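The values are calculated or read from the model by the stated rules, or taken from the named source; none is laboratory data. Being a predicted model, the structure only gives us computed values, none of them experimental. Cβ coordinates were reconstructed from backbone atoms using ideal geometry, including for glycine residues, and neighbour counts include every protein chain displayed.
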């Protein structure tokens, strides 16, 4: 009887195992069918489209390798017509030469290509391809989205070039040639309006913060906030206030004590090492902000850029761009450094990797440098010398240094405001 129960139990167990195996087998079979179906339905890319993509990548590498300074955003379609397959290139580019290079390369491969790539500035903008920043600080992002990473900022009165519009977003270029997106704070203008702005008498804010008010009174309502470097059109004086016209056409009043005539300011710029460092020290304790180039927050390269700008000099935006300008300083001996030399931190090139610049600061003498540091998230002074009370381990990644001051208006990437064509 016990043997019979044992045999029945074993049979029951075998039934369970058999059912389980059958379930798994059926599941596996269905999975394979789905996989085969997916593979069968996956479209096979036209070989000419594949070739065109490769040609496009080559054009991008040669004409627009850095999206911060040039645009090459191109896609391809193969459209079937009564005459056969027509290959179409669509997208946007900032250089006509790049478009021509793609068409020529496609022809060489025997591919007839219809060029529908939009050359920026977009013709749909009409004559309004000039812009003036109308907010105290306008934020620019790397794509037309509020959640996109912030790239840079422009200050009120700063000129831009408008390249295209998508929805509420403008893609623009800053005076240093940086391309990015902003959805507010840019006043579009025609060439005539832009020239009138440049020729008008203007004022510039010369204190950290100020307020533009509705009337010439400290108790009047606020029209807009103002920060160091903001520029507005002068329209008269009333007591201790300048009457101004903002880039968006609004009238306001700003304290004379917080401003200076813009032409006078330009003429009195003396970008010496001492003056640039003195300006840089005015930012001590101000917050670090990724993408920031204003008193409201600065990243490392934005801090350097703004310290130069407030002394009347326009330099490139990012540290990896700035390191390409200026004269190389030999770092084998730190005594070679001079005040206001720029210090670049990161990792050197190797056989398998390129040089990588991750940070920039400014040398101020005595082994010290000033920089906007992500930690402690503010502008600080540190030492390059191990053992010094203010030594920073950032110094361990110092790999290059560049000298700028003697090359102002001699290096095309280091240009005085007064000689920059956008301010003429």
Exercise. From 83, 61, 51, which residue is at pLDDT 95 or above, surrounded by fewer than 12 Cβ atoms within 10 Å (Cβ to Cβ) and on the phi < 0 side of the Ramachandran plot?
Worked result: 61
Exercise. Out of all the residues in the range 396-404, is one or more touching a residue at least 60 places away in the same chain (Cβ under 8 Å), surrounded by 15 or more Cβ atoms within 10 Å (Cβ to Cβ) and not in a strand (DSSP E or B)?
Worked result: yes
Problem set entry | the range 345-372 - residue that is at positive phi and surrounded by fewer than 17 Cβ atoms within 10 Å (Cβ to Cβ) and, of those, farthest from the chain's Cα centre (by Cα) | 366
Seminar exercise, completed: Within the range 274-303, residues touching a residue at least 60 places away in the same chain (Cβ under 8 Å) and under 24 Å from residue 409 (Cα atoms) come out as 274, 276, 277, 280, 293, 294, 300, 302, 303
Problem set entry | Residue list for the range 344-370, restricted to those being in a loop (DSSP other than H, G, I, E, B) and closer than 13 Å to residue 382 by Cβ | 366, 367
Problem set entry | From the options 174, 190, 152, 133, residue that is touching a residue at least 40 places away in the same chain (Cβ under 8 Å) and under 21 Å from residue 261 (Cα atoms) | 133
Exercise. Residues in the range 385-394: is at least one part of a strand (DSSP E or B) and in contact with a strand residue (DSSP E or B) (Cβ under 9 Å, 6 or more places away or on another chain)?
Worked result: yes
For this session: State yes or no: is residue 92 in a loop (DSSP other than H, G, I, E, B), in contact (Cβ under 8 Å) with a residue 40 or more places away in the chain and under 30 Å from residue 322 (Cβ atoms)?
Result: no
